[in-house]
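Visitor: Have a look at this one.
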Amino acid sequence: MSLPLRFILVSVFAILSVSCSVQKGNSTVYVLHETLPIYSDDIKRAYSTVLEPLNFESGRTVTGCDEYLEAMQSSEVLAVSSERLVEQHYQACEALKRLLKAHEQGAEVKRLVSEGEKISSGLCSQLDLSTFSHSLRPQMQEGVVTLNELLKTKPSNTPTCLYVDESMRFELRPVLQFREEGAGEQYLIVWLTDEIKNGSYLDYQSLLVKMSDERSWLVLDSWPRPI
């Protein structure tokens with residue numbers, strides 16, 4: 001092989017190596033929850049766990065993450081307290097599915113619990129509460145958008161955006177941060193705990209939040225949505 005050709009090939013391989021490195025860095029998925037698995041085998045094991053039966057309005061009953069996410073594309077969980085309590089056990093399914101997808105696509109998966117407090121502060125101060133269903137909506141007045149504005153609170157010094165009083169618990173916990181492939185837009189998976197303590201309202205959602213440099217972060221509340 002001639003010296004010029006060898007030089008060209010080495011240069012090409014170097015460029016491809018840098019390109020792949022940058023692409024992989026851009027597709028890093030950050031796990032913000034301290035117990036959510038990050039290794040492929042652990043994620044598969046958690047995702048395939050048999051769970052307590054959960055009933056949907058369509059009449060379908062599911063017992064695992066695959067069935068649950070498929071059912072969510074076309075129906076909703078029965079809106080009764082007993083089923084909402086069971087749905088807590090399915091809250092991790094969307095995050096686990098996205099982690100499996102990340103591994104399949106060769107993305108890097110890293111645990112970054114240290115960012116949880118900062119992102120939780122953003123959820124308190126920037127998340128647009130009008131973009132998803134929750135128990136606080138009847139209290140919202142015109143011009144009120146965020147939890148801090150609604151409840152006159154300061155961001156909590158915890159890994160969650162949390163409001164608790166004698167009658168309710170409202171908690172937004174960031175668990176996953178990633179960029180949608182090709183779009184460059186940044187998203188969060190956030191777990192919502194929404195409980196009125198007399199049992200009249202219970203909800204445990206997995207929210208898909210689109211982050212923005214602007215004032216409002218938006219929940220993509222409708223199904224079907226890409227997993």
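Visitor: Tell me, which residue of the range 109-148 that is of a type in the set (Val, Ile, Thr) and in a helix (DSSP H, G or I) is farthest from residue 219 (Cα to Cα)?
Guide: Residue satisfying both the conditions and the ranking: 113.
Visitor: If you don't mind, there's one more thing I want to ask. Check 200, 120 and return the single one that is free of Cβ contacts under 8 Å to residues at least 60 places away in the same chain and more than 14 Å from the chain's Cα centre (by Cα).
Guide: Selected residue: 200, the only one of 200, 120 that is free of Cβ contacts under 8 Å to residues at least 60 places away in the same chain and more than 14 Å from the chain's Cα centre (by Cα).
Visitor: Answer with yes or no whether residue 194 is open to solvent by less than 20 Å² (accessible area, probe 1.4 Å), among the charged types (D, E, K, R) and farther than 30 Å from residue 40 by Cα.
Guide: yes
Visitor: Next up: For residues in the range 40-61 being touching a residue at least 24 places away in the same chain (Cβ under 8 Å), not in a helix (DSSP H, G or I) and not acidic (Asp, Glu), which is nearest to residue 177 (Cα to Cα)?
Guide: Across the range 40-61, the extreme among qualifying residues is 51.
Visitor: A further question follows. What number of residues within the range 73-102 are farther than 22 Å from residue 38 by Cα, charged (D, E, K, R) and assigned to a helix (DSSP H, G or I)?
Guide: Final tally of qualifying residues: 3.
Visitor: Hey, another quick one. Within the range 182-227, can you find the residues that are at pLDDT below 85 and touching a Phe, Trp or Tyr at 6+ places or on another chain (Cβ under 8 Å)?
Guide: The answer is 221, and nothing else.
Visitor: For the range 66-79, what are the residues that are without any contact (Cβ under 8 Å) to a residue 12 or more places away in the chain and surrounded by 20 or more Cβ atoms within 10 Å (Cβ to Cβ)?
Guide: If the condition is that a residue be without any contact (Cβ under 8 Å) to a residue 12 or more places away in the chain and surrounded by 20 or more Cβ atoms within 10 Å (Cβ to Cβ), then no residue fits.
So that you can scan it fast, the table gives a plain yes or no per residue for (1) under 18 Å from the mean Cα position of the chain (by Cα); (2) not small (Gly, Ala, Ser):
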| site | (1), (2) |
| --- | --- |
| 107 | yes, no |
| 136 | no, yes |
| 140 | no, yes |
| 145 | no, yes |
| 162 | yes, yes |
| 172 | yes, yes |
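Visitor: Among (1) hydrophobic (A, V, I, L, M, F, W, C); (2) touching a Pro at 6+ places or on another chain (Cβ under 8 Å); (3) under 19 Å from residue 209 (Cβ atoms), which single condition is residue 102 missing?
Guide: Of (1) hydrophobic (A, V, I, L, M, F, W, C); (2) touching a Pro at 6+ places or on another chain (Cβ under 8 Å); (3) under 19 Å from residue 209 (Cβ atoms), only one is false for residue 102: (2).
Visitor: Tell me, yes or no, whether the range 61-70 has at least one residue that is in contact with a helix residue (DSSP H, G or I) (Cβ under 8 Å, 6 or more places away or on another chain) and under 23 Å from residue 170 (Cα atoms).
Guide: Looking through the range 61-70, none of the residues is in contact with a helix residue (DSSP H, G or I) (Cβ under 8 Å, 6 or more places away or on another chain) and under 23 Å from residue 170 (Cα atoms).
Visitor: Let me ask another. Scanning the range 80-111 for residues that are at pLDDT below 95 and hydroxyl-bearing (Ser, Thr, Tyr), which turns out least open to solvent (accessible area, probe 1.4 Å)?
Guide: Per the stated criteria, the residue is 81.
Visitor: So, of the residues in the range 125-145 that are within 20 Å of residue 202 (Cα to Cα) and touching a residue at least 12 places away in the same chain (Cβ under 8 Å), which turns out to be surrounded by the fewest Cβ atoms within 10 Å (Cβ to Cβ)?
Guide: Per the criteria, the residue is 133.
The values are calculated or read from the model by the stated rules, or taken from the named source; none is laboratory data. Because the structure is predicted, anything quoted here is derived from the model rather than measured. Virtual Cβ from ideal backbone geometry, glycine too; neighbours counted across all protein chains shown. When the accessible area is computed, the model is the full protein with side chains, heavy atoms only, and any ligands, DNA or RNA have been set aside. Shrake-Rupley method; radii C 1.70, N 1.55, O 1.52, S 1.80 Å.
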